[in-house]
Amino acid sequence: MRPKIINNEAHEATKLSLFSVQIDPNYVDSTTQPDPFKHYPKFYRRFPLDLENPFHSFLHFCSTITYQKIYREGAYALRVNPSAGALYPTEIYVQIRGVKGILDGIYHLEVETNSLTLIYELIDDGLEGYLLDNRLIKGCIFLVSCVYFRSSWKYKNRSLRYCFLDSGHHLGVIEASAYAQDYTSQILFDFDQLALNDDLGFENKEFVTAAIIVGNLKEKQIRRLRSPIPFVCGTDYFEPNRFVESGYKQTLLTTNHQPEILQPQFNFEKTKLIESIQNRRSARRFQKSEITQEAFFAVWESLNQPIATPSYEVIEIYAVIQSVAGIEAGIYRGKDGLKAGNFRDKMGYLCVNQAIARDSAVVFFFVSEFQNYRVALQLAGLLGQRVYLSATYVGLGCSGIGAFFDDETQAFLDVKGSILYAIAIG
Ligand SMILES: Cc1cc2nc3c(=O)[nH]c(=O)nc-3n(C[C@H](O)[C@H](O)[C@H](O)COP(=O)(O)O)c2cc1C
């Protein structure tokens, strides 16, 4: 028996419907957008990443700018990770221990300058004190956090979803960058986040969503940070959103655990994977053209690989096939055809009248009767990142779709679980 759905209120309270988007179309004055980059003070020591060094290159591709776009209102710096509305609430911190040539410490990955900013030097203490069984980790511990106001500025309460989905995407980039360097990784969702938020100096303005370990466990025990890190605001101004703050806190309960942690085995050639991380972009339109079965199954295969985490949530994958050579159009769950038909107009409508959903070759939906909302959304985001990267790898376009009419999509797919995320390829 699945346990009762616990923190479903946040999902219920942030559903979109035809009515809700009419009364609140989400218009914002772009000149009031909060700063999308966190800056530690100038006097902190910074270490530029050198792409010739494989370890530096691994860190670089975990969080970096890959494209500059110039608009009338100003320049947009697009990154390895996609983000709802390109608002980039996520920040990455990495503890590095026992790596030759790098001082043992906790660093902020400063995407704007491609450098590591040293925010804390380790002695006998470290992030291990908040994780697992406190055992020393030689290598890296990444923390993904959210400076939530960057997203709540526009998306209000629904930004809670986007913070978690964006965090999942960032985990997916780190998973891929580690894979490209032959490192194994393990994702943790269940640890003492409240204490970490305090000790990292996040106040109520930033919160940790997950950790990912790329390193080896040793027998030594490590204690928590001996002194807290000073508060530095991730934005130039701040407006609190109590719904998001309490929605996050409600997800800090223990998650279900699975007995065995398996590593994904992707069919990616390593250098081509790095190129895909570098070149990944969101498609802004599709041409209704047909894709090959081979390309479709390459994407499908990446979705079916295990996620290396002790946490457990079932994410069901539905595919609305619109144009794949040799496969009848219709709704599929896994490989099972549920209902044949051409649903292009319906797809466009359900995704809040977005042509990308109508014109794509396939729209995937991630559905879950989750126990922990934060974990389920991050797993959906991570799977979304696999779709982006595998689609890029085989030459397809892709776009995440966070805006859909929740109840109508659920009814269309005829599912009990909540719709967490949609993603289109073509
Ligand atoms: C959680 C999430 C939801 C998104 N939702 C939409 C959407 O509903 N419609 C859309 O056109 N793009 C959507 N996107 C794509 C973003 O607009 C895109 O990632 C962002 O503009 C940055 O561009 P890039 O992905 O090319 O780097 C979404 C992305 C994410 C990660």
> What pairs come up if the first residue lies in segment 86-103 and is assigned by TED's automatic domain parsing to the domain that holds Phe37 and more than 25 Å from Pro36 (Cα to Cα), the second is acidic (Asp, Glu) and not in a loop (DSSP other than H, G, I, E, B), and their beta carbons are under 8 Å apart, counting only those six or more places apart or on different chains?
Replying inline: Leu103/Glu121
>> For segment 138-153, which positions are under 20 Å from Val173 (Cβ atoms) and either among the β-branched types (Val, Ile, Thr) or part of a helix (DSSP H, G or I) (or both)?
In response: Ile141, Val144, Val147, Arg150, Ser151
> Does segment 371-417 hold any residues that are more than 14 Å from the ligand (Cβ to nearest atom), outside any loop (DSSP other than H, G, I, E, B) and surrounded by fewer than 22 Cβ atoms within 10 Å (Cβ to Cβ), and which are they?
Replying inline: Asp407, Glu408, Gln410, Ala411, Phe412, Leu413
>> Among the residues that make up segment 298-320, is at least one of them more than 25 Å from Leu377 (Cα to Cα) and not in a loop (DSSP other than H, G, I, E, B)?
In response: no
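Which of the strands (runs of 3 or more DSSP E) contained wholly in segment 41-118 include at least 1 residues that are of a type in the set (Ser, Thr, Tyr) and within 14 Å of the ligand (Cβ to nearest atom)? Give the steps one after another, and end with the answer.
Numbers: elements: 46-48, 65-71, 74-79, 90-97, 105-110.
Those strands (runs of 3 or more DSSP E) span 65-71, 74-79, 90-97.
Mind telling me which of the residues Asp359, Asp345, Asp336 ends up being open to solvent by 10 Å² or more (accessible area, probe 1.4 Å), in contact with a helix residue (DSSP H, G or I) (Cβ under 8 Å, 6 or more places away or on another chain) and more than 16 Å from the ligand (Cβ to nearest atom)?
After ruling out the rest, the residue left standing is Asp345.
Report yes if some residue within segment 237-247 is open to solvent by less than 80 Å² (accessible area, probe 1.4 Å) and in contact with a strand residue (DSSP E or B) (Cβ under 7 Å, 6 or more places away or on another chain); otherwise report no. Before the answer, list the steps.
Of segment 237-247, the ones open to solvent by less than 80 Å² (accessible area, probe 1.4 Å) are 237-238, 240-241, 243-247.
When the remaining residues are screened for being in contact with a strand residue (DSSP E or B) (Cβ under 7 Å, 6 or more places away or on another chain), the result is none.
No, there is no match, as no residue in segment 237-247 is open to solvent by less than 80 Å² (accessible area, probe 1.4 Å) and in contact with a strand residue (DSSP E or B) (Cβ under 7 Å, 6 or more places away or on another chain).
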>> Looking at segment 339-358, I want the residues that are more than 16 Å from Lys288 (Cβ to Cβ) and assigned by TED's automatic domain parsing to the domain that holds Tyr318 and have a partner that is open to solvent by 20 Å² or more (accessible area, probe 1.4 Å) and not in a helix (DSSP H, G or I) with Cβ atoms under 6 Å, at least 6 apart or on another chain. Which pairs are those?
In response: Ala340/Glu328; Val352/Ala403
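The values are calculated or read from the model by the stated rules, or taken from the named source; none is laboratory data. Bear in mind that the values here come from a model prediction, so they are computed numbers and not experimental data. Note that we place each Cβ from the backbone using ideal geometry, even for glycine, and neighbour counts take in every protein chain shown. Note: areas computed on protein heavy atoms with side chains; ligands, DNA, RNA excluded. Shrake-Rupley method; radii C 1.70, N 1.55, O 1.52, S 1.80 Å.
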